[in-house]
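> Quick one: this structure, given as structure tokens, is what I'll be asking you about.
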């Protein structure tokens, strides 16, 4: 049995040493230096316990027992400082400093007990067939009180961590709970040794009983990366980052969501206040694009458009899968409000697609608008109109280019005013304009354009106080009556009709009658 005790003490020593070294390496992380002090105290405790077991004679055992007391009274108070630093609840520091007086006083009294016998009244070697020679220390009333206070100091650590646990996000509660459990085991085994085991004649070094606490802390280090960044820091990042983050488990339940995600969900998807515990499939049931993205079980990205107060809003959504040991254990949905970015992109594209003088679509913008409706035509009629300002070169030559620009702007205003049913209006050349109609054929368009031509013919452009200009236009029209929806081909046919109008003394409208 003595060999087993010694072996368990060595195991405890190895684990404590590893955690202590790890803490020292990461000493700049909040709480790490106090965890190191805990482990150092535990090492002194375990090593001195090991040497006490394996030495003979009352005097030698007392020496090693006294050395153990450095660890005995360091570990509990260090756990308080660790809890304060780990949770960043520095308001409790003043109480921790005050509490430090108890273990300091106890250590001083133990090492000077020979002179005053205030904490210890005597020592006995107990012979036991199972446990060998065990040193029993007889405590005075004062000694018992000081030892009891020391062993119950971890209650403050637990209270601090319980208070902290209420504030952290759900994903960190298990981690904090395990740290609390580690301290609880320290407390309960200390009580069990004094109140139960020793009365039954079972003498197990307290350092051996602390092995469960040490193993839990060891697990936390590697399972939760305990000393790389504290949960409060990760929690802060999670909540302040301008990305909506939703954590989903393997059963498709939402287990966590940051504040920004809740704002986006409330604004665009559902007014449900508490997302935690809901099935993501229920939350997204009216939003198939996001649901399909999640259901695909692939890492993917989608951009979505929503109307809010008659304004276009945009969000992006991406899915990132979570794996453990090659098995998918959940997913993360990341949402972003990209409205500002998207509107800026649209604004830039609008500028790139617009003619700077008339604000009508340029050739590229007109082509893009045409291509946009091609996918949705589904057999609908599409008509293209080509318009040319008659004798425009003469206007420039006679009145100057500024007058020519005024004519172009005037004509653009008339297009917007009288052809507001058109799907697209564009300036695709110097004095050449194109109009796109969706859903109506060339005969109906002919009537619209003839009325428009007459409006232009009777209009005037004021160049200055003394000069006004009247002008006319020639028009060519075609449609996709042959189901031909190639823009270049439609423009070619409308151009043929336009040149027919020009050849017919201009100021008229012609329909392409070819095949």
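The values are calculated or read from the model by the stated rules, or taken from the named source; none is laboratory data. Just so it is clear, the model here is predicted, and its values are computed rather than measured. So basically every Cβ, Gly included, is an ideal-geometry build from the backbone, and we count neighbours across all protein chains shown.
> Looking at 66, 60, which is the one that is in a helix (DSSP H, G or I), out of contact with any strand residue (DSSP E or B) (no Cβ under 7 Å at 6 or more places or on another chain), within 30 Å of residue 122 (Cβ to Cβ) and free of Cβ contacts under 8 Å to residues at least 12 places away in the same chain?
The unique qualifying residue is 60.
> Would you pick out the residues in region 311-329 that are more than 15 Å from the chain's Cα centre (by Cα) and either at pLDDT below 80 or closer than 30 Å to residue 253 by Cβ (or both)?
313, 314, 323, 324, 325, 326, 327, 328, 329
> Between 444, 413, which is touching a strand residue (DSSP E or B) at 6+ places or on another chain (Cβ under 9 Å), in the same structural domain as residue 367 (by TED's automatic domain parsing) and more than 23 Å from residue 367 (Cβ to Cβ)?
Values: 413 fails: touching a strand residue (DSSP E or B) at 6+ places or on another chain (Cβ under 9 Å).
Sole residue among the options that is touching a strand residue (DSSP E or B) at 6+ places or on another chain (Cβ under 9 Å), in the same structural domain as residue 367 (by TED's automatic domain parsing) and more than 23 Å from residue 367 (Cβ to Cβ): 444.
> Also, quick follow-up: State whether the residues of region 448-466 include one that is touching a residue at least 60 places away in the same chain (Cβ under 8 Å), touching a strand residue (DSSP E or B) at 6+ places or on another chain (Cβ under 9 Å) and within 20 Å of residue 360 (Cα to Cα).
yes
> Right, another one. Being under 59 Å from the mean Cα position of the chain (by Cα), in a loop (DSSP other than H, G, I, E, B) and under 16 Å from residue 385 (Cα atoms) is true for just one of 485, 496, 477. Which residue is that? Talk me through it step by step, then tell me what you get.
Details: 496 fails: in a loop (DSSP other than H, G, I, E, B); 477 fails: in a loop (DSSP other than H, G, I, E, B).
After applying the criteria, what remains is 485.
> Scan region 425-433 and give yes if some residue there is out of contact with any strand residue (DSSP E or B) (no Cβ under 6 Å at 6 or more places or on another chain), surrounded by fewer than 21 Cβ atoms within 10 Å (Cβ to Cβ), closer than 22 Å to residue 305 by Cα and without any contact (Cβ under 8 Å) to a residue 40 or more places away in the chain, otherwise no.
For region 425-433, residues out of contact with any strand residue (DSSP E or B) (no Cβ under 6 Å at 6 or more places or on another chain), surrounded by fewer than 21 Cβ atoms within 10 Å (Cβ to Cβ), closer than 22 Å to residue 305 by Cα and without any contact (Cβ under 8 Å) to a residue 40 or more places away in the chain: absent.
> Within region 194-212, is there a residue that is over 27 Å from residue 109 (Cβ atoms), modelled with pLDDT of 65 or more, in contact with a strand residue (DSSP E or B) (Cβ under 6 Å, 6 or more places away or on another chain) and not assigned by TED's automatic domain parsing to the domain that holds residue 290?
Scanning region 194-212 turns up no residue that is over 27 Å from residue 109 (Cβ atoms), modelled with pLDDT of 65 or more, in contact with a strand residue (DSSP E or B) (Cβ under 6 Å, 6 or more places away or on another chain) and not assigned by TED's automatic domain parsing to the domain that holds residue 290.
> Something else now. Taking residue 358 and the conditions (1) surrounded by fewer than 19 Cβ atoms within 10 Å (Cβ to Cβ); (2) assigned to a loop (DSSP other than H, G, I, E, B), which numbered condition does it fall short on, given that it satisfies the others?
Going through the list (1) surrounded by fewer than 19 Cβ atoms within 10 Å (Cβ to Cβ); (2) assigned to a loop (DSSP other than H, G, I, E, B), residue 358 breaks only (1).
> Residue under question is residue 395, and the condition is that it be touching a residue at least 60 places away in the same chain (Cβ under 8 Å), closer than 19 Å to residue 434 by Cβ and either in the same structural domain as residue 426 (by TED's automatic domain parsing) or surrounded by 19 or more Cβ atoms within 10 Å (Cβ to Cβ) (or both); does it hold?
The answer is no for residue 395.
> Still on this structure, I have one more. It is to be established whether one or more residues within region 476-497 are at pLDDT 95 or above, in contact with a helix residue (DSSP H, G or I) (Cβ under 9 Å, 6 or more places away or on another chain), in the same structural domain as residue 390 (by TED's automatic domain parsing) and within 21 Å of residue 410 (Cα to Cα).
Taking every residue of region 476-497 in turn, at least one turns out to be at pLDDT 95 or above, in contact with a helix residue (DSSP H, G or I) (Cβ under 9 Å, 6 or more places away or on another chain), in the same structural domain as residue 390 (by TED's automatic domain parsing) and within 21 Å of residue 410 (Cα to Cα).
> Further, regarding this structure: Only one residue in 429, 404 is closer than 26 Å to residue 496 by Cα and under 51 Å from the mean Cα position of the chain (by Cα). Which one?
Working: 404 fails: under 51 Å from the mean Cα position of the chain (by Cα).
Just one listed residue meets the conditions, 429.
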